[in-house]
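To start, the structure under review is shown below, and the notes come after it.
Derivation of every value follows stated rules applied to the coordinates shown; laboratory data play no part. In this text the structure is predicted, and so the values were computed from the model without any measurement. Neighbour counts are summed over all protein chains in view; Cβ atoms, including those assigned to glycine, are modelled from backbone coordinates with ideal geometry.
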There are 2 protein chains.
Amino acid sequence: MNLELQQFKSEFFKALAHPLRIRILELLSEGDKTVNEIQSIIGSEGSAVSQQLAILRSKNVVFGIKEGTSVIYSLRDPLVKDLLNVAKQIFDNHLVGTITLLEHMRASEQ
Amino acid sequence: MNLELQQFKSEFFKALAHPLRIRILELLSEGDKTVNEIQSIIGSEGSAVSQQLAILRSKNVVFGIKEGTSVIYSLRDPLVKDLLNVAKQIFDNHLVGTITLLEHMRASEQ
DNA sequence: TTCAAATAATCAAATATACGAATATTTATC
DNA sequence: GATAAATATTCGTATATTTGATTATTTGAA
C-alpha cells in the first residue's frame, strides 16, 4: 500500500479525532451551514468553531464559500457521512458485545 | 446525538490517526497475526509495534490471545476494514477531484 | 537457567487543545 | 465617506497529550 494513501488516512483520521470536529461534520452531513448556524446549534464559542473549521479546511475535509458576511461550509465528500455511520455501527457492535459479555458473566455466576 | 457515542468516535478516530497503527489494522484486516509477524512485515522495531498495539488494545480496537510465547492479535470488529475502505474511497475521490481541478486550470489557461 | 517474544516504563521533543484577545471583511445606516 | 454591527478568522499563550526511542521487566518454552 502506497505511502501517500497512508499519510492521507492518518491526516484524515486526525481531522476526525476531536469531539467538536465530529459534531461539526455530522451537522454538515445534514446540509450546508454557516459558522454562525453551527455555533448556535452546538452552543460553542465562535472562535472555537472557526478554529476547528480551519483544521478541517486545511485537511481538505470541508470547504467554505463566502456569502456576504457569512461563510457557508460543506463537506468536500459526502462519503464522510458514510464513514461516520460505519463508526456508529462499530460503536453499536461494541455496546452489544459488552452487553453480551456481561450476560455471559452473569450466566456463569449462576 | 449522545455524548457517549461522540466520545467513542473521537477516541476511535484517535486510534486510527497514526500511520503505523493504520498499517497494523490493515494487516489484521487480512487475518490474525502475532506481534512478530506484524513487525516482520512492516519492518519496525518490536517495541514500537507493541506500543501501538497497546494503544489499539486500550481503545478496544483489537484484542490479543496468548498462544505459548506469542500473542495473536485480531480486529475486535471486522467493520474496521470497511471503515478503512471508505477512507480509501475518499482518498480516491480526492485524487480525482485534484486531477479534475488541474485539468480545468489547464483548460482555462488555453 | 537461557532464550525468544512481548510488554511496561521512562523521558524529551513534538504536536494538539483550549481560551480569550485582536484583527479582517462585509453590510447597512447616516 | 464615516461609523456601527454582524460575521468570521487569526493570533498568542498556557496546558495537555502524543510520539518516538530506549531500556527494563515479564512470560513461556526448551
Original post:
What percent does the relative contact order of chain B come to when contacts are Cα pairs within less than 8 Å and at least six residues apart?
Top reply: 24
Original post:
Can you give the FRET efficiency for residue B:107 and residue B:69, using 1/(1 + (r/R0)^6), R0 = 45 Å, r = Cβ-Cβ distance, to the nearest 0.05?
Top reply: 0.15
Original post:
Which distances, shortest first and in nm, link residue A:29 to the matching position in the other copies, using label points set 7 Å out along Cα to C-beta?
Top reply: 1.9
**OP:** Collect residues whose amide H, placed 1.01 Å from N in the peptide plane, falls under 5 Å from the amide H of residue B:33; neighbours closer than 5 in sequence don't count.
**Re:** B:73
Subject >> Whole-Hz couplings from phi, Karplus 6.51/-1.76/1.60, listed for region A:59-64; x for Gly and Pro >> reply: 9, 6, 8, 10, 9, x
Subject >> For residue A:59, residues with placed amide H under 5 Å, excluding near neighbours >> reply: none
Subject >> the protein assembly as shown - Rg and Dmax from Cα coordinates, angstrom >> reply: 20.0, 80
Original post:
Could you state the per residue volume, in Å³, of the convex hull enclosing the Cα atoms of region A:18-66?
Top reply: 72
Subject >> In Hz, Karplus ³J(HN,Hα) per residue of region B:27-37 (6.51, -1.76, 1.60; θ = phi - 60°; x = Gly, Pro) >> reply: 4, 6, 5, 7, x, 4, 8, 7, 4, 4, 4
**OP:** Using only the alpha-carbon atoms of chain A, report the extent along each of the three principal axes, biggest first, to the nearest angstrom.
**Re:** 68, 40, 21
Original post:
Once phi is turned into ³J(HN,Hα) by the Karplus curve 6.51 cos²θ - 1.76 cosθ + 1.60 with θ = phi - 60°, what whole-Hz value does each residue of region A:67-83 show in order, with x for glycine and proline?
Top reply: 9, x, 7, 9, 10, 9, 9, 9, 5, 6, 9, x, 5, 4, 4, 4, 4
**OP:** Report the FRET efficiency, 1/(1 + (r/R0)^6), for residue B:5 and residue B:29, where r is their Cβ-Cβ distance and R0 is 22 Å, rounded to 0.05.
**Re:** 0.40
**OP:** Using a Gaussian network model of chain B whose springs link C-alpha atoms within less than 10 Å, name the residue from B:39, B:51, B:89 with the highest mean-square fluctuation.
**Re:** B:89
Original post:
Using a cut-off of 12 Å between alpha-carbon atoms, which aspartates and glutamates can reach residue B:33, once sequence neighbours fewer than 8 places away in the same chain are excluded?
Top reply: B:67
